[in-house]
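Structure first, then comments.
A short reminder: the numbers here are calculations on the coordinates, not readings from a lab. Computed from a predicted structure; not experimentally measured. Glycine also receives a Cβ, built like all others from the backbone with ideal geometry; neighbour counts cover every protein chain displayed.
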């Protein structure tokens, strides 16, 4: 009662009123029901620039340590973030790729021109066998995107047979002739890519018809069961989603979504040279992913209330102007704390929608766009975005915990957004993990949290931050942005307080 009288009197006298902290978090630790699929933390590798050649593939004769031509350092780094799946061969490249050009003796494989990415010669030395070997080395599931744009139904059908059929057939015999006796297990199968654009410039109705035709001949052989993924919408093209759900919902297990946090496609801006207004706009674009997923999910709910069909944002991330002096068609860009924060915010969004979002793939893994790894001949570095994925691997196949959160605003030039992004999960051992992102590049945030239904014994943490939001790692200074122990959290039974530094990504583990 005294507090009410004080605030009323202060307001009447025009005095400034002390405000209470707005960062209030409730984690309902005993209410989780939805599993966060590990495949939300997937990656994407296209025949583009030095993603494949020089990124993964150096050939058996290279002085760079490799296993059957695949570089060991990249494999180890990706295994360290528990990569769950890898999408290949594109992207736009997928709908001009003819898989039979990439099998058999490498010296005899035909060369082609990569018309989408730099007009360079593609020698097809990295093909189906090499990609599936890479996935086996990584311990991840392959996600193959088939050619609907310029390929035939027969071609896609035979590719599925070549890879997955364990029996007597022309394609299975050809696989054996090329050195692989037993078939591979391949679950995720994309039926075309961006068919509204580089995959054929199709209308939604035309693609829906084509999808039904192609998907019919993508067979399940033996106990291999395909998750057939329809080429979904570009960003906020809700009509595309409506058309696919209405016309082919019973023939697909998933629908993709492509969205890049680009503010101006004609002038994307530098990856490393930007001001706070640029940063704010980029974060605003990142947060828009939540609206996209919500609205596409609402359309899907109309036709699929049981959520049988997954939404898969299999291309997402930042897209900046290429680094000076590099081939414009190779999409090579640096990676800063800004990118790491965007990745963390986006992954928190996907976690929150884990009932519908079952897979996602950041674009791209090595040397292209928002890469987690950069290479330069024998050199390799891990980008700030890599460390976000390292922190967030604890959410893979964990149970999403419902939260209630009210927070301060990050404000700039009359615009505002939530200053903090949060996600929480409980793993199989009963430990709780909370990922916190302070989007504000200037102010720290104090958070008061309650863990309902859970009494914790200890809390530990890791933090990713740096002195400047534009800080990044280089081959000369590869550890400018790196993980450190976080000591800013205090736990007392079910009460948690956190001092979250500006421009930071924090992981807390509570047991």
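List of remarks:
- Shape call, the range 163-232: gyration tensor on alpha carbons, a/c limit 1.5: prolate
- Rounded tilt (10° steps) of 2-13 against the dominant C-alpha axis of the chain: 90
- Nearest-ten-degree value, helix 337-352 long axis tilted from longest Cα axis of the chain: 90
- Extending 7 Å from the Cα toward the beta-carbon at both residue 275 and residue 251 defines two label points whose distance is 5.3 nm.
- Cα gyration tensor shape of the range 84-137, rounded if a/c is under 1.5, else prolate or oblate by comparing a/b with b/c: oblate
- Pairs of Cα atoms in the range 25-129 fall into 10 Å distance bins, from 0 up to the last occupied one, in shares of 13, 36, 29, 10, 8, 4, 0 percent.
- For the range 85-234, the Kirkwood hydrodynamic radius comes to 15.7 Å, computed from all pairs of different C-alpha atoms.
- Of interest is the spacing of the C-alpha centroids, which for the range 40-56 and the range 433-511 amounts to 30 Å.
- Cα centroid separation, the range 91-167 to the range 230-264 (Å): 24
- The residues 50, 39, when put in order of fewest to most other Cβ atoms within 10 Å, stand as 50, 39.
- Kirkwood Rh and Cα Rg combined as Rg/Rh, the range 387-511: 0.98
- Taking 0.36 nm per residue of separation and subtracting the current Cα-Cα distance, fully stretching the chain between residue 397 and residue 457 would add 19.3 nm.
- Taking only Cα atoms of the chain, radius of gyration then Dmax in Å: 23.9, 90
- Rounded to the nearest 0.05, the FRET efficiency derived from the C-beta distance between residue 112 and residue 28 at R0 = 51 Å is 0.40.
- Residues residue 166 and residue 492, FRET efficiency given R0 of 56 Å [Cβ-Cβ distance, rounded to 0.05]: 0.45
- Dimensions (Å) - the range 370-415, Cα atoms, principal axes, largest first: 47, 38, 11
- Bridge orientation summary for the chain: considering DSSP beta bridges with both residues in this region, about 60 percent are antiparallel.
- Estimated FRET transfer efficiency when R0 is 25 angstrom, pair residue 203-residue 225 (beta carbons, to 0.05): 0.25
- Going by neighbour counts of Cβ atoms within 10 Å, the residues 175, 306 line up, fewest first, as 306, 175.
- Cα Rg over Rh - the range 110-149, Kirkwood: 1.05
- Once the Cα atoms are used to define both axes, helix 238-248 deviates from the longest principal axis of the chain by about 50 degrees.
- Principal axis dimensions, largest first and in whole angstrom, of the range 213-294 by Cα: 55, 26, 22
- Largest-first ellipsoid semi-axes for the range 213-358, taking √(5λ) over the Cα gyration tensor eigenvalues, angstrom: 32, 18, 13
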